[in-house]
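Below is one structure, written out as structure tokens; comments come after it.
No value in this document is a laboratory result; all are computed from the given coordinates. The structure displayed is predicted, hence computed values, not measured ones. Here Cβ is always computed from backbone atoms with ideal geometry, including for glycine, and neighbour counts include all displayed protein chains.
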Amino acid sequence: MFKDIEHLIRLAAVMVIALVAFIVLRAAVVPRSFGQYGHYRGAAISEIAARPVAFAGRDDVCETCHSDVVDVKKRGKHVVVPCETCHGAQARHAEDPGSVIPAKLDTAVLCSRCHEANSAKPKSFPQVVTADHSGGIACDTCHQPHKPKIEEVAQSATGGKK
Amino acid sequence: MDTTRRRLLVLLPAAAVAWKFVLAGTPEASPNYKLTEHWWGMLIDIPKCIGCGTCSRACTEENDVPVGYYRTWIERYHLDDWKMEKPEVESPDGGKEGFPANEIAGKNFFVPKLCNHCADSPCTQVCPVGATFISPDGVVLVDKTYCLGCRYCVQACPYGCRFINPKTKTAEKCTLCYHRITKGLTTACCEVCPTGARQLADLKNPNDPVHEFLRTHNVQVLKPHMATGAKVFYNGMDGSVR
């Protein structure tokens, strides 16, 4: 039996070398966190979470500096509307208020986005047909965006602008 | 350079130290965040949606979504009184700039859409390389360094929530603003919604007000017959919504 045993040994040696090469290669190629939580690269989770934010967050961030404006907003119907809904992403401004200055807003565009009449909007939501309502006059001629209800007394001078 | 035995003995420990740094990888973004303590979803209150498109615009800005592609969008449904089974759906530019005024009779309403972050997501099941996955806190994510761009997942999603990013050529989708929710913030779309029609929901957090809402309202998910385990819950949704 096993007359030419050296052939088998040689074959076995080749297979062992191939197996070792496979194991070494696999260890080098497959990321270490692969399979940490499941059939995917576990490190991807923290990589995705590491992205910087663009929107600063709820109004308390804005209130740190602009408490006067937020106070005005709190007294009106727009209390439910977060600052960044109209003012846009301001995380960079919140981090560096000196050099990142938010763009000026155009009430003609902003107001109509929400308040232009549309039959698909809920009936209880205040809507106007801008052309009939104001005839093209800028909304903030009459309505102060932070406290939109028109009052008979003169509106506060600070208003929305600083 | 001759590799003497002495030099090799010096180099080996140095290489071992360097390799350890390589293996350490990226640090945890938010050290206090526990993956196992959350199970994310969203609540959408259709009667509150005014179709202003602020959510879609905010999503684009927060996540650098390419022009012409949408991770979240708004659809306007129109149902004729005599044709209730055939809804007409439109979503011009994802509803980003609102919808043209229509004073038509019948039933009209808005439906905001996004990835449903399915607990048994079809898109994850078809990925051949493990590039897309459900994180332990219930968010369906894409590892763009692993994605081949084979488009299986784009085909598999029953809700049309995925696309191939024209620049990176990899699959892209809503991450439920994973970089925000792991820092204790809400998603960009929920952040800016002026009527509160969208609310992020942490289903594992017993103090989340979503539980009270889910107990007291009749909520639905999209395409429940697909058994995807969708976690975006719609309140007041018409049966015609697909």
Alpha-carbon centroid distance for the pair the range A:1-26 / the range B:173-219, whole angstrom: 58
Dimensions (Å) - chain B, Cα atoms, principal axes, largest first: 90, 40, 32
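How large is the translational diffusion coefficient of chain A in µm² per second when you combine the Kirkwood radius over alpha carbon pairs with Stokes-Einstein at 4 °C and 1.567 mPa s? List each step's numbers first, then the result.
Values: Rh = 21.9 Å.
Answer, rounded: 59 µm²/s.
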Within chain B, helix-based [θ] at 222 nm, where runs of 4 or more DSSP H residues each add -39,500 (n - 2.57), nearest 500: -6000 deg cm²/dmol
Scattering curve values for the protein assembly as shown, log₁₀ I(q)/I(0), Debye with Cα scatterers, q = 0.06, 0.11, 0.14 Å⁻¹: -0.34, -0.90, -1.33
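Work out the mean other chain Cβ neighbour count within 10 Å for the residues of A:122-135 and drop it here as an integer. Walk me through the intermediate numbers first.
Details: counts 11, 1, 2, 5, 1, 2, 0, 2, 1, 1, 0, 0, 0, 0.
Going residue by residue through A:122-135 and averaging, the value is 2.
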Spatially proximal aspartates and glutamates relative to A:Lys149 (Cα-Cα < 14 Å; intrachain offsets below 8 disregarded): A:Asp140
log₁₀ of I(q)/I(0) at q = 0.14, 0.15, 0.17, 0.19 Å⁻¹ - the range B:95-212, Debye sum with one point per alpha carbon: -0.73, -0.81, -0.98, -1.11
FRET efficiency for A:Ile150 and B:Lys34, using Cβ-Cβ distance with R0 set to 41 Å, rounded to 0.05: 0.25
Crossing angle, helix A:59-74 versus chain A [Cα axis fit, 0-90 degrees, rounded to tens]: 30
Proximal lysines to B:Lys169, defined as alpha-carbon separation beneath 16 angstrom and excluding residues fewer than eight positions away on the same chain: B:Lys144
Set of aspartates and glutamates near B:Lys48 by C-alpha distance (under 16 Å), chain-local residues within fewer than 8 positions excluded: A:Glu116, B:Glu75, B:Glu191, B:Asp238
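What is the Cα convex hull volume of the range A:28-102 when expressed per residue in Å³? Intermediate results must be reported in sequence, preceding the final value.
Values: hull volume 10.8 nm³, N = 75.
Cα convex hull per residue, to the nearest whole number: 145 Å³.
So if each residue of separation counts as 0.36 nm, and I subtract the Cα-Cα distance between B:Val10 and B:Met226, what length gain in nm does that give? Present the calculation step by step, with values, prior to reporting the outcome.
Details: separation 216, 0.36 × 216 = 77.76 nm, distance 6.12 nm.
Extra length from B:Val10 to B:Met226 when fully extended: 71.6 nm.
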Where only alpha carbons of the range A:59-141 are counted, the Rg and the Dmax (Å): 15.0, 43
Percentage of interatomic Cα-Cα distances in the range A:5-49 larger than 16 Å: 57
Cβ-defined net charge surrounding A:Ala117, 13 Å radius [Lys, Arg +1; Asp, Glu -1]: 0
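Quick one: of the DSSP bridges fully inside the protein assembly as shown, what percent are antiparallel, nearest 5? If you can, show how the numbers build up before the last one.
Values: 25 of 30 bridges.
Around 85 percent antiparallel, to the nearest 5.
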With Cα atoms, 0 to 90° folded angle of helix B:54-63 axis to chain B main axis: 10
Computed E for B:Arg242/B:Lys183 - FRET, C-beta separation, R0 41 angstrom, nearest 0.05: 0.75
On Cα atoms only, tilt of A:5-29 relative to the major axis of chain A in degrees: 10
Relative contact order of chain A, defined on C-alpha pairs under 8 angstrom at six or more residues apart (%): 19
Residue-span extension gain [A:Ser99 to A:Cys142] - 0.36 nm each, minus C-alpha spacing: 12.3 nm
